[in-house]
Amino acid sequence: MKKLLAMLLALIMVLSLVACGAAEEPAEEPAEEPAAEEPAEEAETPAEPEAITLKVWAPQADQVDENSWLNVMLPQFEAAHPEYVITWDIGVCGEGDAAGIVKNDPAAAADIFLYANDQMGTLIEAGALAKLGGAYLEQVQNDVAQTYVDTVTYTDGGVYGFPMAPNTWFMWYNKEIFTEDDVKNLNTMLEKGIVSFPMDNSWYTASFFFGVGGTVFGPQGIDAAAGIDFSSDLCIEAAKFMIDLAANPNFVNDVDGTGVAGMKEGTIHAMFSGPWDRPELEASLGENLGCVVLPTFTMNGTDYQMKSFAGSKAIGVNPNASNPKAAMQLAAFLATPEAQLARYELSAITPAATACAEDEAVKSNFVVVTESAEMATATIAQPTIAEMSAFWDPVKNFGLNILNGSITYDNVEEMLDATMELLNSNGL
């Protein structure tokens, strides 16, 4: 009996061990699970922030004090990018000075900088501007109108910057002298008041040639082989119009601030420039200050639209940047509609981003509305290629020779031909 009991107890123990082993077997299958979860644990563990330095050049107005645009936006960029610990190296460089400084030593220049788009060719040839691609290219194409995209497009079809603001000019006028209908036509204005125009400033002078179909390096301003063409019969007529304009007793050449001074004194009633003259003009004229898209001018009974250059001021990224990824991220961040709107609110600089036009403050600003309308309706693309350097002096001298009487009806065609030879003699 004892032997039988002992056998039964032994059998029970064996069965218990088998049962325990069967229960533990399923637990062996997911034994690898902790290892599979390790990458997830690593992803949740924040990486050590990368210590970087970003060198930024911008106009003085953007960094005057802690409330200036650049000093407001950079901390926001830091907050949006905790993966970086950033040391800022900030310098002053106006958009118009960028190419002259950067090209001297691109490797030592800023990682990002603001530049006027007519300098783009010089910067690209110096190896100082990075071409945009991927999401950055899409940002430009989606955020601004095609007019602005064209201002930063080069001969290879590449886009080399984030447009931030328009760079063009329009017409200011005194509402006490001219009505809204008067300012639609330059001939009408000259019958009622004194008009100032910078005849010997080549950024302005060619507006009459552009109005009758004159071209500069093709429709986009990037076709060097197309050259500069002011040779049509209409361009000759436009030159004669300029001769008549200079001889008109109600015309004043705007040089060395003549236009602004005359508008403030009331001796000049209309002038041509951009938003930079608003503070002085508004301080003197108040609610009597108006501005509009360039007027038409009438030749032989036909109206032609004066046209200014359509340019932009853009943010460029230096391909020599020591931290190119972060530099591109910063440029894109500063060019967002939100950042451009902040710049407008802090510095009253017209934004290029289309979405900003829906902001109530922007829509109610008559200068911003005029500048945007000018860009959209009465401009030609300002060339960005290096060959454009041949444009400025000959056109300036043509205007000077009209003013001093060297160009007359008798020799205007000959003088225009000579100017064309100079315009197309370099780099073509």
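The values are calculated or read from the model by the stated rules, or taken from the named source; none is laboratory data. This is a predicted model, so every value here is computed, not measured. All Cβ positions, even for glycine, are placed from backbone atoms using ideal geometry, and neighbour counts span all protein chains on display.
At-a-glance table
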| quantity | calculated |
| --- | --- |
| Test: residue in the stretch 155-164 that is small (G, A, S), over 24 Å from Q305 (Cβ atoms) and within 14 Å of the chain's Cα centre (by Cα) | yes |
| Residue under evaluation F241, criteria (1) farther than 21 Å from A373 by Cα; (2) assigned by TED's automatic domain parsing to the domain that holds A116; (3) of a type in the set (F, W, Y), criterion not met | (2) |
| Odd one out for K192, checked against (1) on the phi > 0 side of the Ramachandran plot; (2) in contact with an Asp or Glu (Cβ under 7 Å, 6 or more places away or on another chain) | (1) |
| Residues being farther than 30 Å from V144 by Cα and of a type in the set (S, T, Y) - total across the stretch 270-318 | 3 |
| Flag for S273 being within 21 Å of the chain's Cα centre (by Cα), closer than 25 Å to A348 by Cα and among the hydroxyl-bearing types (S, T, Y) | yes |
| In the stretch 249-258, the residues that are under 21 Å from F209 (Cβ atoms) and touching a strand residue (DSSP E or B) at 6+ places or on another chain (Cβ under 8 Å) | F251, N253, D254 |
| Selected residue [crowded, with 20+ Cβ neighbours inside 10 Å and touching a helix residue (DSSP H, G or I) at 6+ places or on another chain (Cβ under 7 Å)] from Y160, Y148 | Y160 |
| Enumerated helices (runs of 4 or more DSSP H) restricted to the stretch 159-231, each holding at least 1 residues that are more than 17 Å from M299 (Cα to Cα) | 186-192, 202-205 |
| The listed residue being within 23 Å of G96 (Cα to Cα) and at pLDDT 95 or above, out of D233, D254, D244 | D254 |
| Those residues of the stretch 395-425 which are free of Cβ contacts under 8 Å to residues at least 60 places away in the same chain, assigned to a loop (DSSP other than H, G, I, E, B) and surrounded by fewer than 12 Cβ atoms within 10 Å (Cβ to Cβ), in sequence order | N404, G405, D410, S425 |
| Unique residue being farther than 25 Å from Q141 by Cβ, surrounded by 17 or more Cβ atoms within 10 Å (Cβ to Cβ), in contact with a strand residue (DSSP E or B) (Cβ under 8 Å, 6 or more places away or on another chain) and not assigned by TED's automatic domain parsing to the domain that holds I243 when the list is V367, V292, V317 | V367 |
| Of all residues in the stretch 78-100 being under 25 Å from the mean Cα position of the chain (by Cα) and acidic (D, E), the one that is nearest to W276 (Cα to Cα) | E95 |
| Test for K192: is it more than 19 Å from S273 (Cβ to Cβ), surrounded by fewer than 21 Cβ atoms within 10 Å (Cβ to Cβ) and either in the same structural domain as Q340 (by TED's automatic domain parsing) or touching a helix residue (DSSP H, G or I) at 6+ places or on another chain (Cβ under 9 Å) (or both) | yes |
| Subset of the stretch 148-170 [free of Cβ contacts under 8 Å to residues at least 60 places away in the same chain and either on the phi > 0 side of the Ramachandran plot or of a type in the set (F, W, Y) (or both)] | G157 |
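Conditions tested, residue by residue: (1) in a helix (DSSP H, G or I); (2) touching a residue at least 40 places away in the same chain (Cβ under 8 Å); (3) more than 15 Å from A314 (Cα to Cα).
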position: N71; (1), (2), (3): yes, no, yes
position: G96; (1), (2), (3): yes, no, no
position: A107; (1), (2), (3): yes, yes, yes
position: M120; (1), (2), (3): yes, yes, no
